[in-house]
Every structure is written in structure tokens, then in C-alpha cells.
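What follows is a short report on a single structure.
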Amino acid sequence: MNYCFTTRITDSAPVAKKAALRITSPATGAILSLSDSPSALYRERILGEGIGIQLTRGEVYAPSSLVVSSIDPAKGSLTAVTSKGIKLLFQAGLPEFTGHGERLQFHVGTGYTVNAGMCLFTCDPLWMKQQGQQPCLYFTLLNAAPLAAIQRHASGSIRALDDLLFTLYVHPK
């Protein structure tokens with residue numbers, strides 16, 4: 001995978017851009033900046049622009065209608081595509097950590113079409129912390145470069161599916 005990321009997250013709506021998709025929070029916890037991630041893959045935005053969520057609950061939900069394109073149980077990741085063609089990466093913990101085992105349960109499979117609000121997977125934040133891992137969900141957009149802007153709505157603590165996380169904007173035609 002070789003992605004180019006020029007779109008950055010902003011706190012205000014861009015002028016003269018069209019809102020294409022609103023994304024709710026996929027998990028419950030506290031928002032973390034990717035810049036504060038212990039993994040260079042996230043700090044340097046190699047795995048896309050987005051956020052981290054310090055998990056207080058282990059359920060991870062589809063924030064919009066999605067098609068699951070891949071699952072990597074060893075790394076604790078799921079990739080899906082929205083109806084607008086935006087590729088989303090859901091990563092439980094750091095990508096370098098491969099010891100989730102039975103503490104990570106996927107409730108969908110590759111090729112599944114899921115509705116907004118469906119539980120994608122569950123993990124165990126307390127167990128992750130006991131293993132010396134950051135109990136975090138990294139949630140990134142793998143193909144954000146064509147977007148005009150990504151507006152962040154939430155900060156601090158968020159609740160899965162209750163809080164609007166991002167609005168994605170496209171260039172007007």
C-alpha cells in the first residue's frame with residue numbers, strides 16, 4: 001500500500017466545499033491525536049489521516065454503511081469501504097502488536113455488507129492494557145487525498161454512534 005495524504009483534519013467547515021459524508025464515532029472513549037501515537041505508522045500518517053480513540057468499551061461499530069474489504073485477525077485490523085468509496089481502517093491497538101488471540105472477535109467477514117450501527121468487532125481494552133499495549137482504536141481514512149477537507153466535530157470523550165466524528169468534504173463540480 002502506498003498512499004499519499006495531503007488532506008488534514010480541521011476544526012471548522014471549509015468555505016465553498018460540499019459535504020459528502022458524515023461519520024459518527026465507531027467506538028467509545030477519549031479522542032487521541034495521531035501525532036501522539038507511539039507508532040510511526042500513525043504519527044507520520046502512513047496509514048491515513050484520522051484519530052485514535054482510547055477505548056473505554058471494546059465494541060467497534062460501523063459508522064456508516066460499509067462493505068468489508070479485508071480483515072487481519074493477527075494485527076487486529078479491518079478495512080472497509082463506504083458507499084462514497086472512502087476506505088476506512090479500524091485498527092485495535094498498534095499494528096505492530098499481533099497477540100490479540102481470542103480477546104479479539106470479528107462479527108463480520110470479508111465481503112460482508114454492513115449497515116451503520118452494526119458491531120464489526122469486539123476487543124478487550126483492559127486485557128490490552130495488561131499486555132502493555134495502548135487500549136486504542138486507530139480509525140483512519142486510507143484514501144483521503146481526493147477529499148477537499150475533513151472536519152472534526154468531536155474532542156475529549158465520545159460515545160460510539162452517538163457523537164458525530166467527521167464530515168468529509170469534496171471539491172464542488
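The values are calculated or read from the model by the stated rules, or taken from the named source; none is laboratory data. These figures come from a predicted structure and were not determined experimentally. Note that each Cβ is placed from the backbone with ideal geometry, even for glycine, and that neighbours are counted across all protein chains shown. Just the protein is used for accessible areas: all its heavy atoms, side chains included, with ligands, DNA and RNA removed. Shrake-Rupley method; radii C 1.70, N 1.55, O 1.52, S 1.80 Å.
At-a-glance table
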| quantity | calculated |
| --- | --- |
| Per-bin percent of Cα-Cα distances, region 20-173 [10 Å] | 12, 45, 37, 6, 1, 0 |
| Rounded accessible area of Asp162 (nearest 10 Å², 1.4 Å probe) | 100 Å² |
| Neighbourhood net charge (12 Å Cβ-Cβ; Lys/Arg +1, Asp/Glu -1) for Gly117 | -2 |
| Heavy atoms of Thr113 accessible to a 1.4 Å probe, total area in Å² rounded to 10 | 110 Å² |
| Over the chain: helical MRE at 222 nm, DSSP H runs n ≥ 4 each giving -39500 (n - 2.57), nearest 500 | -1000 deg cm²/dmol |
| Region 43-82: projected area of the alpha-carbon convex hull, averaged over directions, in nm² | 3.7 nm² |
| Three principal axis lengths of region 1-91 [C-alpha, angstrom, descending] | 42, 30, 29 |
| Solvent-accessible area, 1.4 Å probe, carbon plus sulfur percent, for the chain | 50 percent |
| Highest-MSF residue in the chain out of Leu126, Leu47, Leu141 [GNM, Cα springs under 10 Å] | Leu126 |
| Accessible area per residue, Å², the chain with all protein chains present, probe 1.4 Å | 47 Å² |
| Residue among Tyr112, Gly29, Leu126 farthest towards the positive dipole end of the chain, charges placed on Cβ | Tyr112 |
| Ranked order, Val170, Val114 - accessible area, probe 1.4 Å, largest first | Val170, Val114 |
| Contour excess over end-to-end distance, with Cα ends at Asp36 and Arg152 and 0.36 nm allotted per residue | 40.1 nm |
